[in-house]
Amino acid sequence: MSAPSEAFARIREHFLANTAVFEEDQLAEDVVVEMPFAPAGRPNRIEGRREFLEFAAAGRANLPLRFDDCRNVVIHETADPEVIVVEYELAATVTTTGVSASAPFIAVLRVRDGLVAHWREYQNPAALALTTGQG
C-alpha cells in the first residue's frame, strides 16, 4: 500500500469513529486543504495545519451528522507516487432528525514525508445542506 493509500485508510478510520478527520500528526505544517465547491461564505482554500484544524473543529461541532459508513472506495494511483485520487461515498445519519443519507465525494490526496501535504475534496454542498436541513 502506498503512503497516500495508508493516509486515506487512516482518514476513513476517523470518519467511521466520528472523530476529527485529521489529527495534528497527520498534517504537514504547511498543508493546503481545498474545497472547490464550498458553499458561499465558507473558504474554499485553507493554508496551514493550525488554521485547518481550527476550521475543521468548528465545522465538525456544527455538523449534525453521525457517519455510519465510508463505502464504494476506489483508489486511483497516479504517475506521481505522492498522489492518489479517491472516490468514496459517506453514509450518515442526521442526529437531529434520524434521517439517513449518503453522498459521493472525490478527493485528491498528496502525502509527502508521511504527512498529508494537500487535500482537495470535491463534494456537492447543496445536496449535503438539504440532507442536514441547512439548505
Selection count, region 12-32, where residues are within 16 Å of Arg71 (Cα to Cα) and without any contact (Cβ under 8 Å) to a residue 24 or more places away in the chain: 3
Condition check for Arg42: surrounded by 13 or more Cβ atoms within 10 Å (Cβ to Cβ) and either outside any strand (DSSP E or B) or hydroxyl-bearing (Ser, Thr, Tyr) (or both): no
Total residues in region 34-59, condition under 14 Å from the mean Cα position of the chain (by Cα) and more than 16 Å from Glu121 (Cα to Cα): 1
Pairs where the first residue, in region 59-72, is farther than 23 Å from Ile106 by Cβ and the second is assigned to a strand (DSSP E or B), C-beta under 8 Å, 6+ apart: Pro64/Val94
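Just checking, which of Ala28, Ala92, Ala117 is farther than 23 Å from Ser2 by Cα and among the small types (Gly, Ala, Ser)? If you could, list the steps in order and put the result at the bottom.
On the way: Ala28 fails: farther than 23 Å from Ser2 by Cα; Ala117 fails: farther than 23 Å from Ser2 by Cα.
Residue meeting the stated conditions: Ala92.
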Single residue of Ala101, Ala117 found to be within 18 Å of the chain's Cα centre (by Cα) and free of Cβ contacts under 8 Å to residues at least 60 places away in the same chain: Ala101
Subset of region 77-93 that is among the β-branched types (Val, Ile, Thr) and within 17 Å of Leu16 (Cβ to Cβ) - its residue that is farthest from the chain's Cα centre (by Cα): Thr93
Residues within region 7-25 that are more than 13 Å from the chain's Cα centre (by Cα) and either modelled with pLDDT of 95 or more or not charged (D, E, K, R) (or both), tallied: 1
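Considering only region 74-95, state which residues are modelled with pLDDT of 95 or more and either touching a Gly at 6+ places or on another chain (Cβ under 9 Å) or in a strand (DSSP E or B) (or both).
At the first step, the residues of region 74-95 found to be modelled with pLDDT of 95 or more are 74-88.
Scanning region 74-95 gives Val74, Ile75, His76, Glu77, Val83, Ile84, Val85, Val86, Glu87, Tyr88.
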Residues located in region 45-73, provided they are closer than 24 Å to Thr93 by Cβ, assigned to a strand (DSSP E or B) and of a type in the set (A, V, I, L, M): Leu65, Val73
Evaluation of Glu29 against (1) surrounded by 12 or more Cβ atoms within 10 Å (Cβ to Cβ); (2) at pLDDT 95 or above (one fails), failing number: (1)
Long-range neighbours under 7 Å by Cβ, at least six apart or interchain, first residue in contact (Cβ under 8 Å) with a residue 24 or more places away in the chain and farther than 20 Å from Val111 by Cβ within region 33-57, second surrounded by fewer than 17 Cβ atoms within 10 Å (Cβ to Cβ) and among the aliphatic types (A, V, I, L, M): Pro39/Ala129; Ala57/Ala20
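The values are calculated or read from the model by the stated rules, or taken from the named source; none is laboratory data. Since this is a predicted model, take the numbers as computed values, not measurements. Reconstructed Cβ throughout: ideal geometry from the backbone, glycine too, with neighbour counts over all protein chains shown.
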